[in-house]
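Heads up: the structure comes next, in structure tokens.
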Amino acid sequence: MPINLRGRSVLALEDFTPAELRLLLDIAKELKAAKRGGLERPRLSGKNIVLIFEKDSTRTRSGFEVAAYDQGAHVTYMGPSGSHIGQSETVKDTARVLGRMYDAIEFRGFAQADVEVLARYAGVPVYNGLTDESHPTQILADFMTMREFTHKHLSDIRFAFMGDGRNNMARSLAVGAAKIGMHFTIGAPEELWPDEAFRLHVDQIAKTNGASIKFEADAVAAVKGTDFIYTDVWLSMGEDPARWGERIELLRPYQVNAALMAATGNPFTKFMHCLPSFHNAETKMGKDIETRYGVSAMEVSDEVFESPASVVFDQAENRMHTIKAILIATLG
């Protein structure tokens, strides 16, 4: 039966069937080829999209803006202090205003409940550009990248996430892997595993789709036989910076370095990261962490980040292509 995503919001991967997710990936592949070949055809002329950002961004903002412009749409950006949302106006009221002016709304912020309220009251598609719980557009870009760097079908891929297993990336990857039927392991100390309710949740999705989702405290065991190792920053946006010292001590054994890459036993294993990354002390925050805690790299060593195994900038580019696929599928 044909799949029609027109008018749909993208709030969390749970809302989509495996076939719908694969369709978005197929559309993104075609759009990437068309852009590179100079054959892209605008399908969103006359559309207006508003981007609401409570959290700053490089890839999400650039991805939405370039995707929209390439397809002929107009974009309005509202930064952390650029609207009344959540301050002097409720999310519900903002949704009903913007839904009368725009054809779609992107939201990047803290609470998943806020993006859900926007979708409930706006009357137009709403896209989750990141919340504390979910990052669906990133996962689509990640799976697109995996397709590009292995000969395997997605359902045959084994990959691991190393670090804070409770953060939005680890949880979103788990849901995406469970939906697509992949083999995924979160490598983290037990105190940083997702709660039992979430583990049961993804296990139920996995059983339906032939996936396997595991949680492993032993870093070497977690990466054995993997095609991709994924990591993210050890302290997420909005967490108390005073916890850096505690988090560094907990996660040192899970740093993605040359030894951990070798522990996969697979010479073709690729490294992935949603960025930004603390792989050296060349940023203001990186330098501060080095001064305070004596570490020049955290979740990944500079050696791995800059190695031929690293596909992080392919991931970053693919944010644009998968976002464009979402826009066309829901608005075009």
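The values are calculated or read from the model by the stated rules, or taken from the named source; none is laboratory data. As the structure is a prediction and not an experimental result, all values here were calculated from the model. No Cβ is skipped: glycine too gets one built from the backbone with ideal geometry, and neighbour counts run over all protein chains shown.
From the set of residues in the stretch 282-301 that are acidic (Asp, Glu) and surrounded by 16 or more Cβ atoms within 10 Å (Cβ to Cβ), which is nearest to His74 (Cα to Cα)? Spell out the reasoning first.
Taking the stretch 282-301 first, the residues acidic (Asp, Glu) are 282, 288, 290, 299.
Imposing the further condition that a residue be surrounded by 16 or more Cβ atoms within 10 Å (Cβ to Cβ) reduces the set to 290, 299.
Values: Glu290: 42, Glu299: 37 Å.
Once the filter is applied, the top-ranked residue is Glu299.
Give, as residue ranges, the helices (runs of 4 or more DSSP H) completely inside the stretch 146-223 that count at least 1 residues that are within 20 Å of Val311 (Cα to Cα) and at pLDDT 95 or above. Before you say what the answer is, go through the steps one by one.
Values: elements: 168-180, 196-209, 219-223.
In the stretch 146-223, 168-180, 219-223 are the helices (runs of 4 or more DSSP H) which contain 1 or more residues that are within 20 Å of Val311 (Cα to Cα) and at pLDDT 95 or above.
Just give me the residues in the stretch 224-234 being in a loop (DSSP other than H, G, I, E, B) and either free of Cβ contacts under 8 Å to residues at least 12 places away in the same chain or within 17 Å of Asp164 (Cα to Cα) (or both), in sequence order.
Filtering the stretch 224-234 down to residues in a loop (DSSP other than H, G, I, E, B) leaves 224-227, 232-234.
Once the filter is applied, which keeps residues that are in a loop (DSSP other than H, G, I, E, B) and either free of Cβ contacts under 8 Å to residues at least 12 places away in the same chain or within 17 Å of Asp164 (Cα to Cα) (or both), the stretch 224-234 yields Asp232, Val233, Trp234.
Could you grab me the full set of residues in the stretch 84-120 that are over 25 Å from the mean Cα position of the chain (by Cα) and more than 21 Å from Gly46 (Cα to Cα)?
Listed by number, the residues that qualify are His84, Gln87, Ser88, Glu89, Thr90, Lys92, Asp93, Thr94.
Of the residues Leu130, Leu154, Leu140, Leu118, which single one is closer than 30 Å to Leu98 by Cβ and touching a Phe, Trp or Tyr at 6+ places or on another chain (Cβ under 7 Å)?
One residue alone meets the criteria, Leu118.
Is it fair to say Ala281 is farther than 23 Å from Asn168 by Cβ and assigned to a loop (DSSP other than H, G, I, E, B)?
When the stated conditions are applied, Ala281 passes them.
Among the listed residues Leu31, Leu140, Leu39, Leu44, which satisfies the condition of being over 14 Å from Lys324 (Cα atoms) and either at pLDDT 95 or above or among the acidic types (Asp, Glu) (or both)?
So the residue among Leu31, Leu140, Leu39, Leu44 that is over 14 Å from Lys324 (Cα atoms) and either at pLDDT 95 or above or among the acidic types (Asp, Glu) (or both) is Leu39.
With more than 22 Å from the chain's Cα centre (by Cα) and modelled with pLDDT of 95 or more as the only criterion, which of Ala258, Ala242, Ala309 stands out?
Criteria check complete, one pass: Ala258.
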